[in-house]
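What follows is a single structure, written as structure tokens, with notes after it.
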Amino acid sequence: MDKQEIAVFWFRRDLRVADNHGLFQALKSGKPVLPIFIFDSNILNNLEQEDSRVSFILHEVQKLHAFFEEQGSTLWIYHGKPVEAFKRLMKEYAVAEVFTNQDYEPYARERDKAVFQLLETDGIRLRAFKDQVIFHKNDILKADGTPYTVFTPYSKKWLSNLTEKHCQAFRSEELLGNLLQTRPLKAYHHSDLGFKHGPYEVPPMTIDSALLEAYADNRDFPAVGGTSRLGVHLRFGTLSIRQLTALALKHSSTFLNELIWRNFYMDILWHFPHVADSCFKPAYNFIAWQNSEKDFARWCEGTTGYPLVDAGMRELKATGYMHNRVRMVTASFLCKHLLIDWHWGEAWFAEKLLDFELASNNGGWQWAAGCGCDAAPYFRVFNPALQQQKFDPDFAYIKKWVPEFGSSAYPPPIVDHKKARERAISVYKAALDER
Ligand code: FAD
């Protein structure tokens, strides 16, 4: 007997049912939809065994699995390489079309190309929709048709292009009657993946309008808790960017501006994928970094003798989170004060941050190192003491994370600020003068 033709929806970094653009399109396709998820061994094999992001993904995938089962359907799950997953899927089902949401990272683009080519040999279409950003690809371009590389004009164009339609939800949750009705398939647990439960707790997905109203006043003070902590939910798509943008429009233009930064870095990564491996401005690839492993270890551990830097690094290690203001200070300190290649810091953040996002992490690091698009000029070096006076004036954040601060147990500064600043400026200048 001929197998029933189905459409497939491939979940990736969009782990929700409601307002999911690709899922919506799949459910509208006229074919019964089988949702799938792939634990990609190309990614998992590069992670520590106790990674809280894997635990979070697993938790969300289990929730989806249970949800689809309640609908009389299932979630087809595979652990391995995506191309192999699709080979298997095509043996088991008569796949007519595959729907998914667009992913902009270089690895994801390669992965999708390989899957696209495989599907194409069987005449199956892979269709990817815009879901994790409001604008993508060539939506926001300069008048001459080239991408923006400076944030302020980009954000102006972004705002002028925005209409109500961009924030409208795709009501995927209303079309669940179009799911493939089938027997339940296997759910996955940590042991199936060779992982253990990670140590960090994921902040709840609560959107507090009072927090958004006070965001502009509070967002820069790490002791206050005035930011949303929604990064991880945007990263894995448990929250819709359309829903959040609509709320930002209502409650806080400053918060909206941060969402535009996120979109900006995603667009930079799409148009200039070389940033994933090297400086946006090529001359900065020639900086004569000192790269002291000893200094790097002290930075990672939070024992530099600069209390705001140390507090941030300890918060990161203890919780998988660091406040944005402190991310800027610690990143600048590594590149400028310690003259350590920003890639080292980028990799440390990538390993630790629950909300790790290639585009924003890379953009933040290149900004701090001065080598990115629209970065601070290289001769502007953050003064960690002044940053503390402005943003943690009562030492509340510092005391929380560095309890021995002020006692003889606290180490003396790893470098002298004035000398380190002068050294950074001369090393940067030498690299740039030679080009
Ligand atoms: P909120 O202040 O509540 O902001 C809401 C959302 O807006 C964030 O969740 C995030 O999605 C977005 N956003 C806010 N600020 C920025 C920004 N400057 N750039 C891009 N998006 C922003 N953000 C990440 O999502 N992942 C990262 O890996 C990451 N690495 C960073 C590394 C460095 C060196 C720097 C300086 C910044 C980095 N950021 C990163 C940006 C920012 O620090 C975090 O998004 C923010 O601290 C997350 O906390 P929150 O959710 O409470 O943010």
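The numbers here are math on the coordinates, done by the rules we state, and not lab data. Being a predicted model, the structure only gives us computed values, none of them experimental. We place every Cβ from the backbone using ideal geometry, glycine too, and count neighbours over all the protein chains shown.
Which GluC sites (Glu not before Pro) from the range 1-106 combine a DSSP loop assignment with at most 15 other Cβ atoms within 10 Å? Don't jump to the answer; show the numbers that get you there.
On the way: sites: 5, 48, 50, 60, 69, 70, 84, 92, 97; in loops: 48, 50.
The qualifying sites are 48, 50.
Can you give the % of DSSP beta bridges in the chain that are antiparallel, to the nearest 5? Kindly include the intermediate steps, with their values, before the conclusion.
Working: 1 of 23 bridges.
Approximately 5 percent, going by the DSSP bridge assignments.
List the cysteines in the chain whose Cβ has no other cysteine Cβ under 4.7 Å from it.
167, 300, 335, 373 - these cysteines have no disulfide-compatible partner (Cβ-Cβ under 4.7 Å) in the chain.
Give me, ordered by chain and number, the residues 5 or more places off residue 127 or on other chains with an amide H under 5 Å from its own placed amide H.
98, 99, 100
Once the principal axes of the Cα atoms of the range 276-434 are found, what is the range along each, listed largest first in whole angstroms?
45, 34, 29 Å, listed from the longest principal axis down.
Can you give me the angle between helix 151-161 and the longest principal axis of the chain, using Cα atoms only, in degrees from 0 to 90, rounded to the nearest 10?
It works out to around 30 degrees.
So if I take the alpha carbon set of the chain, get Rg, then get Rh from the Kirkwood formula, what is the Rg over Rh ratio?
On the way: Rg = 23.2 Å, Rh = 23.4 Å.
Answer for the chain: 0.99.
If each residue of separation counts as 0.36 nm, what is the full-extension length gain between residue 192 and residue 18 once their alpha-carbon separation is subtracted?
Full-extension gain reported as 59.9 nm.
How much length, in nm to one decimal, is gained on full extension between residue 297 and residue 125, taken as 0.36 nm per residue of separation minus their Cα-Cα distance?
Working: separation 172, 0.36 × 172 = 61.92 nm, distance 4.85 nm.
Contour length minus Cα-Cα distance gives 57.1 nm.
Taking the alpha-carbon centroid of each part, what is the distance from the range 301-332 to the range 184-201 in angstrom?
Between the Cα centre of the range 301-332 and that of the range 184-201, the gap is 30 Å.
Given points 7 Å out from each Cα along the Cα-Cβ axis, report the residue 28 to residue 137 separation in nanometres with one decimal.
1.6
Between 0 and 90 degrees, rounded to the nearest ten: what's the tilt of helix 307-319 against the longest Cα principal axis of the chain?
The two axes meet at around 20 degrees.
In degrees from 0 to 90, rounded to the nearest 10, what is the angle of the helix 358-369 Cα long axis to the longest principal axis of the chain?
10
What full-extension length gain, to one decimal in nm, is calculated for residue 435 and residue 116 as 0.36 nm per residue of separation minus the Cα-Cα distance? Could the numbers behind the result be given before it?
Working: separation 319, 0.36 × 319 = 114.84 nm, distance 4.11 nm.
Result for the pair: 110.7 nm of gain on full extension.
Consider a paramagnetic label point 7 Å from the Cα of residue 416 along Cα→Cβ; state which residues of the range 290-315 have an amide N under 18 Å from it.
Under 18 Å, as judged by backbone N against the label point of residue 416, lie 305-306 of the range 290-315.
Could you tell me the distance between the Cα centroids of the range 353-411 and the range 89-113, to the nearest Å?
After rounding, the separation between the Cα centres reads 39 Å.
Just flag the GluC sites (Glu not before Pro) in the range 338-433 sitting in loop per DSSP whose Cβ has no more than 15 other Cβ atoms within 10 Å.
In loop regions of the range 338-433 (DSSP not H, G, I, E or B), the sparsely surrounded GluC sites (Glu not before Pro) are 404.
Counting other Cβ atoms within 10 Å, which trypsin sites (Lys or Arg not before Pro) in the range 1-108 have at most 13 and lie in a DSSP loop?
Listed in order of number, the matching sites are 3.
Helix-only mean residue ellipticity at 222 nm, the chain, DSSP H runs n ≥ 4 weighted -39,500 (n - 2.57), per residue, nearest 500. What is it?
Numbers: 20 runs with 207 residues, N = 435.
Calculated from helices alone, the mean residue ellipticity at 222 nm is -14000 deg cm²/dmol.
Expressed as a whole percent, how much of the Cα-Cα distance distribution for the range 372-431 exceeds 18 Å?
Working: 938 of 1770 pairs.
Result for the distance tail: 53 percent.
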